[in-house]
Amino acid sequence: MKITGWEVLTLPDHGDSMMLLVLDTDEGLHGIGEVGIRSRQKAVAGALDHLGDLLIGEDPHRIEHLWQVMFRRGFFPADRFVSAAIAAVDVALWDIKGKALGVPVYDLLGGRVRDHVPAYVHLGDDYHERERFLDKARALAAEGWGHLRFAVPHAPDGTLDQRASMRAGIELFHQVRAAVGDEVELILDIHTRLDPPEALTLCREIEAARPYFVEDPLRSEGLDAYRMLRSRTAAPLAAGEQFGSKWEFQRLVEADLIDYARVDVGVAAGLTEAKKIAAMCETHYVKLATHNPLGPVTAASSLHLNLACPNVAVQEHQAEPELPELFTVRPVIRAGRVEVSDLPGIGVDIDREAARRYRAVAAERPHLRSPDGAFTNW
């Protein structure tokens with residue numbers, strides 16, 4: 001079997017662009033992968049152009065070999081945008097291999113270790129309408145969602161005052177805990193918005209309300225700051241959605257600075273790399289909490305990873321795709337869980353003729369500013 005071609009599809013998805021890659025072979029099989037970075041898709045599309053030239057004529061079964069070629073052949077390390085392109089190719093290769101052998105990808109990764117994968121859902125950003133926000137939390141818990149995620153607030157006009165955001169986050173967390181009771185797990189996403197003093201105060205002030213974890217409490221550029229935070233709070237910490245390879249996870253995992261690894265299969269260079277990250281995490285009792293605010297392809301690849309790894313906590317689920325009719329098959333998600341699929345490959349397929357009619361453009365991310373007008377993280 002040889003790779004004969006590739007195609008990039010951009011589909012509208014709730015005001016954003018879902019970027020998919022389809023790899024074709026000379027035996028009529030195709031595989032699908034998804035790009036995990038949506039904010040700079042033109043850069044990733046350029047990377048896919050380079051990678052596509054490397055793939056034509058290659059044997060798609062040689063997944064590890066092709067991963068090494070894609071990641072290392074450019075001499076400079078494949079970091080984030082290139083790793084997101086590699087991720088799409090890698091997942092498509094696993095999809096082809098599963099289809100060729102007639103088995104689901106989790107069988108190729110070692111076989112199932114669980115019967116389903118726990119999932120969490122977003123509460124959204126309507127926290128300024130506080131009672132409505134709390135009612136939504138109660139309703140989702142009543143539906144069966146055992147894990148709920150929400151972020152620290154910022155002002156409706158796009159102003160992010162770190163001290164005000166810290167105070168609002170503390171208040172909101174305790175209010176949600178009181179609304180849903182002790183049995184529902186709560187995830188607070190700081191989204192890299194706070195500096196160490198504010199992140200530390202927030203973490204310590206919500207410890208009594210038992211967060212499942214605090215996500216991305218600090219920026220990912222300076223990982224040494226996690227040493228300070230880890231030593232001064234008992235709140236479980238999670239990070240990694242911005243990481244493009246095992247090399248970035250290594251610093252936090254091997255120093256025991258996080259409790260949950262936010263591996264994004266669509267960013268961290270695909271299933272081949274994610275499985276290695278998971279193994280490294282297992283040796284340090286770090287559990288996977290896979291990142292997926294994306295589409296059905298990443299939901300499916302995350303599912304297969306999580307079905308085959310013993311150290312899994314929960315999988316992120318945000319929303320159904322805007323155009324579900326384009327997907328002829330996709331993961332089954334119920335309240336609080338993603339169901340096992342026994343379909344060959346990753347268990348996702350698409351109506352390519354219909355999908356080709358769309359040319360979506362990625363949405364610009366929010367531009368938050370501090371009260372003095374300085375640009376700050378979203």
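The values are calculated or read from the model by the stated rules, or taken from the named source; none is laboratory data. Only a predicted model underlies this, so the values are computations on that prediction, with no experimental measurement involved. Reconstructed Cβ throughout: ideal geometry from the backbone, glycine too, with neighbour counts over all protein chains shown.
Table for the structure above
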{"item": "Tyr226, sole failed condition from (1) at pLDDT below 95; (2) among the aromatic types (Phe, Trp, Tyr); (3) assigned to a helix (DSSP H, G or I)", "result": "(1)"}
{"item": "Checklist (1) of a type in the set (Ser, Thr, Tyr); (2) closer than 23 Å to Arg40 by Cβ; (3) outside any loop (DSSP other than H, G, I, E, B) applied to Thr201, failing item", "result": "(2)"}
{"item": "Qualifying residues in the range 282-297 (those that are part of a helix (DSSP H, G or I) and touching a strand residue (DSSP E or B) at 6+ places or on another chain (Cβ under 7 Å)) - the one surrounded by the fewest Cβ atoms within 10 Å (Cβ to Cβ)", "result": "Pro296"}
{"item": "Flag if Gly144 is closer than 27 Å to Pro197 by Cα, surrounded by fewer than 17 Cβ atoms within 10 Å (Cβ to Cβ) and either among the small types (Gly, Ala, Ser) or not assigned by TED's automatic domain parsing to the domain that holds Pro196 (or both)", "result": "no"}
{"item": "Filter pass, Glu316 being assigned by TED's automatic domain parsing to the domain that holds Thr192, on the phi < 0 side of the Ramachandran plot, of a type in the set (Asp, Glu) and not in a strand (DSSP E or B)", "result": "no"}
{"item": "Residues within the range 353-363 that are touching a residue at least 24 places away in the same chain (Cβ under 8 Å), farther than 12 Å from Asp13 by Cβ and in a loop (DSSP other than H, G, I, E, B), tallied", "result": "2"}
{"item": "Subset of the range 314-324 [modelled with pLDDT under 95 and either touching a Gly at 6+ places or on another chain (Cβ under 7 Å) or of a type in the set (D, E, K, R) (or both)]", "result": "Glu320, Pro321, Glu322"}
{"item": "Test: residue in the range 245-264 that is closer than 30 Å to Ala354 by Cα and in contact (Cβ under 8 Å) with a residue 12 or more places away in the chain", "result": "yes"}
{"item": "Set Glu221, Glu254, Glu205: member being more than 26 Å from Leu66 (Cα to Cα) and at pLDDT below 95", "result": "Glu221"}
{"item": "Candidates Ala300, Ala278, Ala362, Ala308 - the one that is modelled with pLDDT of 90 or more and surrounded by fewer than 24 Cβ atoms within 10 Å (Cβ to Cβ)", "result": "Ala308"}
{"item": "Subset of the range 260-281 [assigned to a strand (DSSP E or B) and either in contact with a helix residue (DSSP H, G or I) (Cβ under 7 Å, 6 or more places away or on another chain) or not assigned by TED's automatic domain parsing to the domain that holds Ser302 (or both)]", "result": "Ala261"}
{"item": "Criterion: in the same structural domain as Leu271 (by TED's automatic domain parsing), among the aliphatic types (A, V, I, L, M), surrounded by fewer than 17 Cβ atoms within 10 Å (Cβ to Cβ) and not in a helix (DSSP H, G or I) - qualifying residue of Val121, Val117, Val113", "result": "Val113"}
{"item": "Yes/no for Thr272 being modelled with pLDDT of 95 or more, within 21 Å of Tyr226 (Cβ to Cβ) and crowded, with 18+ Cβ neighbours inside 10 Å", "result": "no"}
{"item": "Residues of the range 94-115 classified as touching a strand residue (DSSP E or B) at 6+ places or on another chain (Cβ under 7 Å) and of a type in the set (A, V, I, L, M), total", "result": "2"}
{"item": "Residues that are farther than 16 Å from Leu29 by Cα and in contact with a helix residue (DSSP H, G or I) (Cβ under 7 Å, 6 or more places away or on another chain), drawn from the range 46-72", "result": "Ala47, Leu48, Leu51, Leu54, Glu64, Leu66, Trp67, Val69, Met70, Phe71"}
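Here is a yes/no grid of residues against (1) within 23 Å of Pro296 (Cβ to Cβ); (2) modelled with pLDDT of 95 or more:
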{"position": "Gly36", "(1), (2)": "yes, no"}
{"position": "Glu58", "(1), (2)": "no, yes"}
{"position": "Gln68", "(1), (2)": "no, yes"}
{"position": "Arg73", "(1), (2)": "no, no"}
{"position": "Ala87", "(1), (2)": "yes, yes"}
{"position": "Leu93", "(1), (2)": "yes, yes"}
